[in-house]
Amino acid sequence: MWIVDKYIDYVKEQTQKNPEQSFDKILLGFKANKLRTKVLPKGGLARGYQKLEAMMMSLVADSLGKPDSYVWGNIFAPCELMQCFGLSTLSVECLACYLSGYHLEDYFIDYAQSTGIAPTLCSYHKTFVGAIDSGVVPVPRYAVTTSLSCDGNLNTFRYLEKKKGVPFTFLDVPYEDDDASVAYLADQLRDFTGELERRFGKKFDVEKLRRSLEIENETRKLLIEFFHLQSERYYPGELISHLYLMMGMHLMIGTPEFLELVRFLVEDIKKCPPFEGKKILWVHLLPFYQESLQHYFNENDKYQIIASDIILDSVEMLDEREPFTALAKKIIRNMYNGSYAHKAEIVSALAESLHPDAVIQFCHWGCKQSAGGSLILKEEMQKKDIPMLILDGDGIDKRNSHDGQIKTRLEAFLEMLDTLEKDEERSQQGREEKVC
Amino acid sequence: MLGYICKYAPVEIFESMGETVKRIEPQVTNFTQADMRMHPNICSFAKGALEEVMQPGSDYDGIILTTCCDSIRRLYDVLKAEFPDKFIYMLDTPRITKEAGIALYERRIREMIRAYEKHTGKTFDEEAFAELLRERDEKEQLAVSSGRLNIGILGARANEEIRRILESQGAGVAFDLTCTGLGRKLLYEPEAVMTGYVRGLLSQFPCMRMEQASGRDELIRRYADSVDGIIYHTVQFCDNYAYEYAWLKNWMKKPMLLLETDYTKQSEGQILTRIQAFLESLDPKQDKLIKQEKTKRQTKGTEKMYVMGIDSGSTSTNAVIMNEKKEIVAFSVVRTGAKAGESAAKALEEVLSKAGIKKEDLALIVSTGYGRVSISFADENVTEISCHGKGAHYFNPNIRTILDIGGQDSKAIHLNEEGEVKDFVMNDKCAAGTGRFLEMIARTLEIDIAELGAIALTSTEKIEITSMCSVFAESEVISLIANNKEKADIADGVCHAIAGKAYSLLRRVGLEPDFMMTGGVAKNPGVVRAVEEKIGAKLYICPEPEIVGATGAAIYALEKARG
């Protein structure tokens, strides 16, 4: 892939020299990669994950190619509403990740920090702010963000509204889960729909939304089935495959294409051999670039990430008869909302249902809402006798994550799991001998 | 007693029920509990609040938290788990202040009252509450006085320390728009007491978590007009206010200091230096110099005069003696030992001997640098930032931007044509980007620190040190050594890493040429070359870059002695 690397270096260099004239080159690379994922998918990767990568690449390349076709959002923004207007949603997190494909995250982060943005802010937000503020990435007509799940959302969008003139809707997600909260958020969602009507000159069709929610319910059911199958069968993926799946579940949920994709995952994995290695339940973001983690979790039949909370952060079945109420409930009951005990409960339920051998939580630099509760989750997992490892690092900025330190922790943890297994086998043997 | 942290907390409700309510203002020395129960990267205020509540003898019966930010949400989770029997309450506070937000907040507050009644057996009496509201007056928010520097405080919650330092330096706080500085806004509506009260709470000067915070600009503009300068305060690991600082920098005409604190007592020295330097830059005619109540030793009737500037840094202590013609008569550079005062005495002795004069011949001594307050023989002290400005202007009046990389900190200073400080930024929180970092790497590479730069110049392969943290970077260097990389190439990579850090500091003050580099690291040709590559311009370096601060201090002394 010498040409690809050369092109990445060329784009990085050009972007730093002429920030405002490099977007065409960035876009060209995305389009070429879209084609590559379709005609030359990564060998060794399960077919479903190949298709998933192609679909997500298309979402980004196609949207960015047509500035009027998308709005900015965060991953918790209700993409179902945008779909009713034929709009796609590109989130802060996903754009930051794709731009890091050109190894531009350091340039954008430094740019944002040099303007005064806090170095301790989440690197996804810093990359995004730097990319926009430096003039590299053009802006869309509109944006939407929820207050869930972090403080960065409102502040990032407000900052870019002031600096770049991108108006946005802010959806305030209450902490409490009750009818008053649901009504409060449902009203905001209705108002937001009215705003989209005005801004994009299209009539809202509630039937479209209902259909979308039906598809969403079906997709979620299939995804849960896929997670179960992934805990039983070897389905070669990469760290980034889980991020793609998270992207799909947040930015394309409710579309027939994504439903078909998840259906394909379920059918395809059924043909795969049983998985006999260690099953990992991953909590929070995945640093897809980290070499040691790639070594252990990219297409490795000994260790498999069977599910992640960021993919299935909401387990709510949606009542399409009351679509706004249903969407409000989905957002309020999201595991990232409310107390950490609420999150620990949902992760525990996931663990009980999937029986992982271990849980790994990745504490992403700057993500206070996640890191701050990591010890509570660990205690909860200890009660269930599930070993848990907390890794500190950065989901996107390589300079904040030291591979050697992550490697040592991870390998020690995996060695510990092997020892636990041997102990378990020995005591099992002992019990059997006694019975004999 | 109940503790609370947020201005949106309905403290008057509890007061009307006879409860003592106290705003939590952590004064801690460490984050031991927080590091064990939360995570090191949580906002320092939240960590400080946890330490405060958990310390032995703490007499909080309960804590009222609001859903104000991510760190506080996690603080609630930890407190709730630690103190199941106390009244630890999370009050869901809307970010929207329109009617829907008011209605929801009123409902949440009523639920909280019921929970509190159940917990304590006390009863809330709406009439007593109304009575309390009727009696309360709002505080005046603006207090500008003539004859002093008037400073406004903006940004995240600021502890008393900033106000205290300002006052000790002869400046006054004209306004404090942080959430801890504002007087409460109480609305009393006889027809609907609770609704009116909630409306009042939500219509306070909005903090950054609120949807309508975009309206802050206009209020800030109005307030800012009345002061000489603004301190924009942020708390470490609280990122919300940095956005506003970045935005205000675009249009705010008033001088503004970005001041980050971490709510520990240890950071007081760093806060003092920044505030002092800021006040000096606002009042460059230096009539606000801090006197240490010493008698000025003027030479009687003769024109001949000697003054001294002494810069007590972490690595070296530098002294400069200047005569009445503003000529440097002698200077000395000695290694700072374990005690700043002893090193200063040594530097004094050395420089006096070089100049061939006695201490009594010195009309005035001005100290600067990190250890400036520990030099007992100095008459006055000025921060190293102002002194570097003066010194740089003395050596080359075309200098507008200074990069100073010292042993334990690095700073970028922007000067005007008079050599007065217009803006500055400092990094004294992490070792990366400082002389200490270079020393550490030189040790790892087993080369002398003095050789590191020269070796870097012979590099043939480009190596990038990507880690931002000095500990990570050292590990990275160790890995490179293990991979048999050449010392010269590693050294060059390290110089570029330092240059990268320096560049981000320089950008923050504006990158106006000409540039000068000062401090011990300016003697390192590898770093100098790397910085020059980054900024695309030459750096002016005077023959003795370590004495620029001491020279500036000597000029201050001379100006002062002349009266």
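Where a number appears in this text, it was derived from the coordinates with a stated rule and is not lab data. Fair warning: this is a prediction, and the values are worked out from it, not measured in the lab. Every residue, glycine as well, gets a Cβ built from its backbone with ideal geometry; the counts of neighbours run over all protein chains shown.
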Report summary line: Assertion target for A:Lys279, A:Lys164, A:Lys271, A:Lys330, ordered by fewest C-beta neighbours within 10 angstrom first, is A:Lys271, A:Lys164, A:Lys279, A:Lys330
**Report entry** Normalised convex hull volume, chain B, alpha-carbon set, Å³ per residue
**Finding:** 173
Query - Residue-averaged [θ]222 nm for the protein assembly as shown, counting only DSSP H segments that reach four residues, each worth -39500 (n - 2.57) - result: -15500 deg cm²/dmol
**Report entry** Sites B:Glu324 and B:Asn398 - FRET efficiency at Förster radius 41 Å, r taken between beta-carbons, to 0.05
**Finding:** 0.95
Query raised in the report: Is there a simple number for the mean count of other chain Cβ atoms within 10 Å of the Cβ of residues in A:166-179, and what is it?
Result: 4
Query raised in the report: Which value in nm describes the separation of the simple spin-label points at B:Gln27 and B:Cys430, placed 7 Å from the Cα toward the beta carbon?
Result: 3.1
Query - Label-point separation, B:Glu189 to B:Ser214 (7 Å along Cα→Cβ), nm - result: 2.5
Query raised in the report: By count of other Cβ within 10 Å, fewest leading, how are A:His103, A:His402, B:His388 ordered?
Result: A:His103, A:His402, B:His388
Query raised in the report: What is the order of B:Arg274, B:Arg562, A:Arg47, B:Arg216, fewest Cβ neighbours within 10 Å to most?
Result: B:Arg562, A:Arg47, B:Arg216, B:Arg274
Query - Spin-label model distance (nm) - B:Lys249 vs B:Arg114, 7 Å beyond Cα toward Cβ - result: 4.9
Query raised in the report: How about the range B:379-444: which GluC sites (Glu not before Pro) there are in a DSSP loop, with at most 12 other Cβ atoms within 10 Å of their Cβ?
Result: B:Glu417, B:Glu418
Report summary line: For the B:Cys469, B:Asp61 Cβ pair and Förster radius 30 Å, calculated FRET efficiency rounded to 0.05 is 0.15
Requested in this report: Mind checking B:244-252 for the average number of partner chain beta-carbons within 10 Å of each residue's beta-carbon?
Outcome: 4
Query raised in the report: What is the local net charge at A:Ala349, summed over the other residues whose Cβ is closer than 12 Å to its Cβ (Lys, Arg +1; Asp, Glu -1)?
Result: -2
Query - Centroid-to-centroid separation of the range A:48-99 and the range B:54-79 [C-alpha atoms, Å] - result: 38
Query raised in the report: Which value, in debye to the nearest 20, describes the size of the charge dipole of the protein assembly as shown about its Cα centre when Lys and Arg Cβ atoms bear +1, Asp and Glu Cβ atoms bear -1, and nothing else is charged?
Result: 1980
Report task. Grab the Cα-Cα distance for A:Phe264 and A:Val39, subtract it from 0.36 nm times how many residues apart they are, and report the gain in nm with one decimal. Result -> 79.2 nm
Query raised in the report: Taking amide hydrogens as modeled 1.01 Å from N in the peptide plane, which residues meet the under 5 Å criterion relative to A:Trp365, leaving out close sequence neighbours?
Result: A:Gly393, A:Asp394, A:Gly395
**Report entry** Table column - 3J(HN,Hα) (Hz), the range A:366-382, Karplus curve with 6.51, -1.76, 1.60, x for Gly and Pro
**Finding:** x, 9, 5, 4, 8, 4, x, x, 4, 6, 5, 5, 4, 4, 4, 5, 4
**Report entry** Mean separation of Cα contacts under 8 Å, 6 or more apart, over the residue count of chain A: relative contact order %
**Finding:** 16
Query raised in the report: If the protein assembly as shown were replaced by its equivalent ellipsoid, with semi-axes equal to the square roots of 5 times the Cα gyration tensor eigenvalues, what would those be, largest first, whole Å?
Result: 51, 37, 27
Requested in this report: Just the number, please: Stokes-Einstein D of the range A:1-84 in µm²/s, Kirkwood Rh from C-alpha pairs, 20 °C, 1.002 mPa s.
Outcome: 146
Query - Distance histogram for chain A (every C-alpha pair counted, 10 angstrom bins, percent rounded to whole numbers) - result: 4, 21, 32, 27, 12, 3, 1, 0
Query - trypsin sites (Lys or Arg not before Pro) restricted to the range B:450-526 and DSSP loop, no more than 13 other C-beta within 10 Å - result: B:Lys462
Query - Per-residue ³J(HN,Hα) for the range A:193-203, Karplus 6.51 cos²θ - 1.76 cosθ + 1.60, θ = phi - 60°, Hz, x for Gly and Pro - result: 4, x, 5, 5, 4, 5, 5, 10, x, 10, 7
Report task. For the range B:149-282, report the convex hull volume of the alpha-carbon atoms normalised per residue, in Å³, without decimals. Result -> 121
Report task. State to the nearest 20 debye the size of the charge dipole of chain A about its Cα centre, where the only charges are +1 on K and R beta carbons and -1 on D and E beta carbons. Result -> 1240
Query raised in the report: What FRET efficiency, computed as 1/(1 + (r/R0)^6) with R0 = 41 Å and r the Cβ-Cβ distance, is obtained for A:Lys6 and A:Arg141, rounded to the nearest 0.05?
Result: 0.70
Report task. Starting from the Cα of B:Ala454, step 7 Å toward the Cβ, then list every residue of the range B:483-526 with an amide N under 14 Å from that point. Result -> B:523-526
Requested in this report: Mind checking A:364-370 for the average number of partner chain beta-carbons within 10 Å of each residue's beta-carbon?
Outcome: 5
